[in-house]
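K.L.:
Before anything else, here's the structure in question.
Here, each number is a calculation from the coordinates, and none is a lab measurement. As the structure is a computational prediction, the values presented were derived from the model and not from experiment. Note: ideal-geometry Cβ built from the backbone for every residue, glycine included; neighbour counts use all protein chains shown.
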There are 2 protein chains.
Amino acid sequence: MSTENPTASRECQNTADADSVGLVTPRKQEFTEPLQLACGRVLQGYTLVYETYGTLNTDRSNAILICHALSGHHHAAGRHSPDDKRAGWWDHYIGPGKPIDTSKFFVVSLNNLGGCHGSTGPVSINPTTGKPWGPDFPPMRVRDWVHSQARLADLLGIEQWAAVIGGSLGGMQAMRWALEYPERLRHCVVIASAMKLSAQNIAFNETARQAITSDPDFCGGRYLEREKLPRRGLAVARMIGHITYLSDDGLANKFGRELRTGSFQPGSDEEVEFQIQSYLRYQGDSFSSSFDPNTYILMTRALDYFDLAREYKDDPVAAFANASCRFLLVAFTSDWRFAPDRSREIVNALMHANVSVSYAEIESAMGHDAFLLPNERYEGIFRAYMQRVAAEIIEEGRYAY
Amino acid sequence: MSTENPTASRECQNTADADSVGLVTPRKQEFTEPLQLACGRVLQGYTLVYETYGTLNTDRSNAILICHALSGHHHAAGRHSPDDKRAGWWDHYIGPGKPIDTSKFFVVSLNNLGGCHGSTGPVSINPTTGKPWGPDFPPMRVRDWVHSQARLADLLGIEQWAAVIGGSLGGMQAMRWALEYPERLRHCVVIASAMKLSAQNIAFNETARQAITSDPDFCGGRYLEREKLPRRGLAVARMIGHITYLSDDGLANKFGRELRTGSFQPGSDEEVEFQIQSYLRYQGDSFSSSFDPNTYILMTRALDYFDLAREYKDDPVAAFANASCRFLLVAFTSDWRFAPDRSREIVNALMHANVSVSYAEIESAMGHDAFLLPNERYEGIFRAYMQRVAAEIIEEGRYAY
């Protein structure tokens, strides 16, 4: 984590990377002004880690904020080093000529408070104790993230975002932006999200949390102090999440009932194992060595707690009456955790509140994860919408390259 | 476990229990002839625990076999003592005047091999070691249960069942009966079942098994020898199962986003907890003190392994060509683990194989669990079908009360 990498612009020119943002270097920003949290507690100071892609125009009118989901982070596009095997988590949609076109937009992507990728969170040192925050880190709500993101915008000199964009939990942040700071965004892009979780969604999250907290190595959340890590619990939690972010058809297409080992012939001495079993275990294990269990708990709670219209007497039309930006909503047919019905509820509320909204329901077998994956129609609609956002900037004479 | 309880018939006459089978006493049956298992291993001897309701007619033509599901057992109807708080798991559907009418039928319900309610299974003593079988108990396949059930039928003098009936994993046993012993059943009732699990179903089962086996108290399955019990893992496994056996709408109707403790007001010092969270934890905890973890693993594996048409070159029509009984299939609209589509596949295969089949798709918000719960239309269709089964017995002059 440092200031700009002098090699970044050179790497960017690689022809193989023509549509990539190239090499990127995360930046760290300290905030010393206390942050009042929704739970009533106050965070005295904190750090946010973020990346930017593209160039801010002189009018500061082409900035896009990317809000990440449950297990996401600031590294949304490009690579951290030339031999980095994996690009950022939304690299397919952010880059020169991509839907979020970095030749037109200045894109900001941060790791949220409570995260485990460099921003202040449960793995950070609690200044009052000198030990990791662990389970004492305050619970986060979506609005806390929005408030901390607004401070980052202030610091970057961005008075108004051209768009705030997020999928899933990120979409909840985008919607909250539209209600908390209606004048500070022109467009709100909400992908595969919901106004609130269903009881079933909360139930899956609770089961994942139980898997983590019932692992004896969880130590009441103080595993770092005790030099332990509840890997097994976190792996099971991730397996639960992973299944529910995919669709039945998607899993059937990818794995079916293919065997990895063993056979159903009598006397076969190898244990029968289906491909899907080893795939899931691999997913669980690799996640559990790269993500913080307390952060996973915190993020799932933020999801559970989010309820867009709670303080508007449960009336989403009243909630959206405050919004003055325009909306793009996207949902995927096979997404059963954040089903198209949940997006349609948002669309209906926006229409009744006389807010401009476009809605696309994308045919996909990939479940909730579809929002991260290549899909021609999704890409086309997303690109067309963002091109209009970019065109507005030019029309308003504020495009200043 | 003993022979008949002399008070049973008296208790049965209680007017409050007019439609109950009343007090029942499980019986134990030892089998000394070795049982060849599908995995290639041999079980030298074993015990089956079973209950019966109603009276076998002199023709022995009115017998019904009930096959239980994942966490079921032999106690399907009535009560074990007058102060027994809960009746058997299918009491709503078995009793005098109920769909499985014990004034007409002689009903047999057993605990399957590998179970943990009295039949030989992982908690039983392995005669070769003198210790509990634990993880060394042979893996069970549905056909092993069917073979052991056939031996119980032999012993009871039942050459042909009037019907073999089961829901979920029990439905798989009923279908296997129709292929393994086509002459030994006249009707096959398959409720909320499937010809094989999908990758998603296997994935949920695998995650449940991982929750159990990754609990340090699992001790590689030898927890009984070490005087441990992987309660936490089994509780998480049950929570996973429980969510998936209910529907999204069912959970929404029952719990919504109601809070049990705490509030979203700033400064509330109680942690926010939704009703669904405590409900699920209660379900997990109570299950984990009454069920054996190795049995849970064994039962979920039997589910995963079942593939009706595997040895018929994956052609279910060829598989059902062997069946000579008539079928009733039932599915529930909100059941997403064993969805109506899975039942329709069975119906289609039966029709193409020229086997007689009736099919009912029941409107219900209760998910997979609907097969256990009161539902007027389900009950009506089930009753009507079983009345025809009973009428046949009379028509054929074999009804001998």
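K.L.:
Between the range A:43-91 and the range B:333-360, what is the separation of their alpha carbon centroids in Å?
P.N.:
First find each Cα centre; the distance between them is then 50 Å.
K.L.:
What FRET efficiency, computed as 1/(1 + (r/R0)^6) with R0 = 51 Å and r the Cβ-Cβ distance, is obtained for residue B:260 and residue A:263, rounded to the nearest 0.05?
P.N.:
It comes out at approximately 0.60.
K.L.:
Among residues other than residue A:115 whose Cβ falls under 14 Å from its Cβ, what is the net charge (Lys/Arg +1, Asp/Glu -1)?
P.N.:
-1
K.L.:
I'd like to know which of A:265, A:289, A:305 lies farthest towards the positive end of the charge dipole of the range A:198-305, counting +1 on Cβ of Lys and Arg and -1 on Cβ of Asp and Glu.
P.N.:
A:305
K.L.:
Report, as an integer, the average count of C-beta atoms from other chains found within 10 Å of each Cβ along B:206-218. Intermediate values should be presented prior to the final figure.
P.N.:
Numbers: counts 11, 15, 4, 2, 10, 12, 1, 2, 10, 7, 4, 1, 0.
Taking all residues of B:206-218 together, the mean is 6.
K.L.:
Something else: First measure r as the distance between the Cβ atoms of residue B:125 and residue A:183, then evaluate 1/(1 + (r/R0)^6) with R0 = 60 Å and state the FRET efficiency to the nearest 0.05.
P.N.:
Given R0 = 60 Å and the Cβ-Cβ separation, E is 0.20.
K.L.:
Under 25 °C and 0.890 mPa s, how fast does chain A diffuse according to Stokes-Einstein, given a Kirkwood radius computed over C-alpha pairs? Answer in µm²/s, whole number. Don't skip to the end; give the middle numbers.
P.N.:
Details: Rh = 22.0 Å.
Stokes-Einstein gives a translational diffusion coefficient of 111 µm²/s.
K.L.:
Enumerate lysine pairs in chain A that are 8 or more residues apart or on different chains, then count those whose Cα atoms are under 26 Å apart.
P.N.:
On the way: A:28/A:85; A:28/A:104; A:28/A:131; A:85/A:98; A:85/A:254; A:131/A:228; A:196/A:313.
Counting lysine pairs in chain A gives 7.
K.L.:
May I ask for the angle, rounded to the nearest 10°, between helix A:199-213 and the longest principal axis of chain A, with both axes built from Cα atoms and the value confined to 0 to 90°?
P.N.:
Tilt relative to chain A: about 60 degrees.
K.L.:
Quick one: angle between helix B:376-395 and the longest Cα principal axis of chain B, in degrees between 0 and 90, rounded to 10, please.
P.N.:
Around 20 degrees separate the two axes.
K.L.:
Output the Kirkwood hydrodynamic radius of the range B:257-360, Cα pairs only, in Å rounded to one decimal.
P.N.:
18.0
K.L.:
Towards the positive end of the charge dipole of the protein assembly as shown, with charges on Cβ (+1 Lys, Arg; -1 Asp, Glu), say which of B:355, B:114, B:97 has the farthest Cα.
P.N.:
Among B:355, B:114, B:97, the one farthest towards the positive end of the dipole of the protein assembly as shown is B:114.
K.L.:
Helix B:169-180 against the longest principal axis of chain B: what's the angle in degrees, Cα atoms only, rounded to the nearest 10?
P.N.:
Helix B:169-180 and the main axis of chain B meet at about 30 degrees.
K.L.:
Let me know the charge dipole size of chain B about its Cα centre in debye, to the nearest 20, where only the beta-carbon of Lys, Arg (+1) and Asp, Glu (-1) is charged.
P.N.:
Roughly 600 debye, rounded to the nearest 20.
K.L.:
Restricting things to alpha carbons, find the Rg to Rh ratio for the range A:101-246 using the Kirkwood radius for Rh. Numbers along the way, then the final one.
P.N.:
Values: Rg = 17.7 Å, Rh = 17.4 Å.
When Rh is taken as the Kirkwood radius, the ratio is 1.02.
K.L.:
Inside 10 Å of the C-beta atoms of A:235-244, what's the mean count of C-beta atoms belonging to other chains? Present the calculation step by step, with values, prior to reporting the outcome.
P.N.:
Values: counts 4, 13, 3, 1, 8, 10, 1, 2, 10, 5.
Across A:235-244, the average partner-chain Cβ count within 10 Å equals 6.
K.L.:
Okay, next question. Can you tell me, using C-alpha contacts under 8 Å and at least 6 residues apart, the relative contact order of the range B:5-142 as a whole percent?
P.N.:
Details: 268 pairs, mean separation 34.5, N = 138.
So the answer I get is 25 percent.
K.L.:
Sticking with this one: Compute the label-point distances linking residue B:263 to its equivalents in the other copies; points lie 7 Å from Cα along Cα→Cβ; give nm, one decimal, shortest first.
P.N.:
6.7
K.L.:
Once both labels are modelled 7 Å past Cα along the beta-carbon direction, what's the residue A:136-residue A:227 spacing in nm?
P.N.:
A separation of 2.1 nm, rounded to one decimal place.
K.L.:
In addition: Based on the Cα atoms of the protein assembly as shown, what semi-axes does the equivalent ellipsoid have, where each is the square root of 5 times one gyration tensor eigenvalue, given in whole Å with the largest first?
P.N.:
Values: eigenvalues 618, 146, 126 Å².
The answer is 56, 27, 25 Å, longest axis first.
K.L.:
Based solely on C-alpha atoms, express the radius of gyration and the Dmax of the range B:198-305 in angstrom.
P.N.:
For the range B:198-305, the Cα-based Rg and Dmax read 16.4, 52 Å.
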